[in-house]
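Participant: Just dropping this structure here.
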Amino acid sequence: MNRRDTIKSLLLGSAAVGLTLKGCVPTASNTEAEILNSPLYGRTEDEKKRDQKLAKEIFLNEHELSTIAVLCDIILPANNNFGSATDAGVHDFIEFIVKDLPSHKTPVRGGLMWLDNFSNKRFGKEFVSCTNSEQLEICDQIAYPTKTKPELKQGEKFFTRMRNLTLTGYYTSKMGIEDLGYLGNKPNVWDGVPDSVLKKHGLSYDKAWLAKCVDQSKRGKIANWDDKGNLIS
């Protein structure tokens, strides 16, 4: 069983699924503006304003974000069917969460500094500049709590935090939910009574009415009716 399958089996077999699927994470195919302005975003106006404010703030620098991206894909690499953590936009999720939950700021920044310091001592270069095998060697020393050396406990705590953030980000993204095969929070799409049922009862839709009321491009929009029950928009 590979790393992704192990993680998936743990999530499917525990309450972690219910916890992680509460969030909504931007996907790599959507721009920030599209997400925040979508009628299906599911946030109040005050919450949207707060999210927009946080999105404009800068906390992590380019080097820190690059290091996080490398770590994310080490923790959750791509497989034959689905992309890696960064393909799902997990690095963007972590960048947002660090600002949304300030308690992450010092541990994440301090952990990144520890990682580069350890990498410089071991290989004479920063973590992001290491080869993949060198990066994996470092991660292997801090990824298993029961096996971590006492002097590497700070690195272990940081890696555990990054692993938790990566899994939460990935498995609340569109890609991650598809990877899990989770359908519980996927809304049904109603496109009218099936033709076979209508024909059985000798009924049919008025095409003009159907065009107005069964238009999936307008999902999320609130219909407006006049006092006589006529659809306005």
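Participant: Identify, please: which residue in region 40-98 is assigned to a helix (DSSP H, G or I) and polar (S, T, N, Q) and is, among those, surrounded by the most Cβ atoms within 10 Å (Cβ to Cβ)? Reasoning before the result, please.
Facilitator: As a first pass, look at region 40-98 and keep what is assigned to a helix (DSSP H, G or I): 45-56, 62-75, 86-88, 90-98.
Next, only the ones that are polar (S, T, N, Q) stay: 52, 66-67, 86.
Values: Gln52: 13, Ser66: 16, Thr67: 24, Thr86: 22.
Only one residue fits best here, namely Thr67.
Participant: Residue under question is Gly111, and the condition is that it be crowded, with 20+ Cβ neighbours inside 10 Å, of a type outside the set (A, V, I, L, M, F, W, C) and in contact (Cβ under 8 Å) with a residue 40 or more places away in the chain; does it hold?
Facilitator: yes
Participant: Take the residues of region 140-154 that are assigned to a helix (DSSP H, G or I) and open to solvent by 100 Å² or more (accessible area, probe 1.4 Å): which is nearest to Trp114 (Cα to Cα)?
Facilitator: Selected residue: Gln154.
Participant: Right, next: Being among the acidic types (Asp, Glu) and modelled with pLDDT of 80 or more is the filter; apply it to region 196-233 and report the residue that is most open to solvent (accessible area, probe 1.4 Å).
Facilitator: Result: Asp227.
Participant: Of the residues that make up region 168-181, is at least one of a type outside the set (A, V, I, L, M), open to solvent by 40 Å² or more (accessible area, probe 1.4 Å), under 23 Å from Asn61 (Cα atoms) and touching a helix residue (DSSP H, G or I) at 6+ places or on another chain (Cβ under 8 Å)?
Facilitator: yes
Participant: From the list Ser129, Ser119, pick out the single residue that is at pLDDT 95 or above, touching a Cys at 6+ places or on another chain (Cβ under 8 Å) and among the small types (Gly, Ala, Ser).
Facilitator: Going through Ser129, Ser119 in turn, the sole match is Ser119.
Participant: Among the numbered criteria (1) surrounded by fewer than 17 Cβ atoms within 10 Å (Cβ to Cβ); (2) among the aromatic types (Phe, Trp, Tyr); (3) in contact with a helix residue (DSSP H, G or I) (Cβ under 6 Å, 6 or more places away or on another chain), which single criterion is violated by Phe158?
Facilitator: (1)
Participant: Looking only at region 114-139, filter to residues that are open to solvent by less than 60 Å² (accessible area, probe 1.4 Å) and of a type in the set (S, T, N, Q); which one of those is nearest to Tyr170 (Cα to Cα)?
Facilitator: Going through the qualifying residues, I end up with Gln135.
The values are calculated or read from the model by the stated rules, or taken from the named source; none is laboratory data. Values in this document were obtained by computation on a predicted structure and should not be read as measured data. Cβ sites come from the backbone with ideal geometry, for glycine too, and all protein chains shown count toward neighbours. Ligands, DNA and RNA are excluded from the accessible area calculation, which covers all protein heavy atoms including side chains. Shrake-Rupley method; radii C 1.70, N 1.55, O 1.52, S 1.80 Å.
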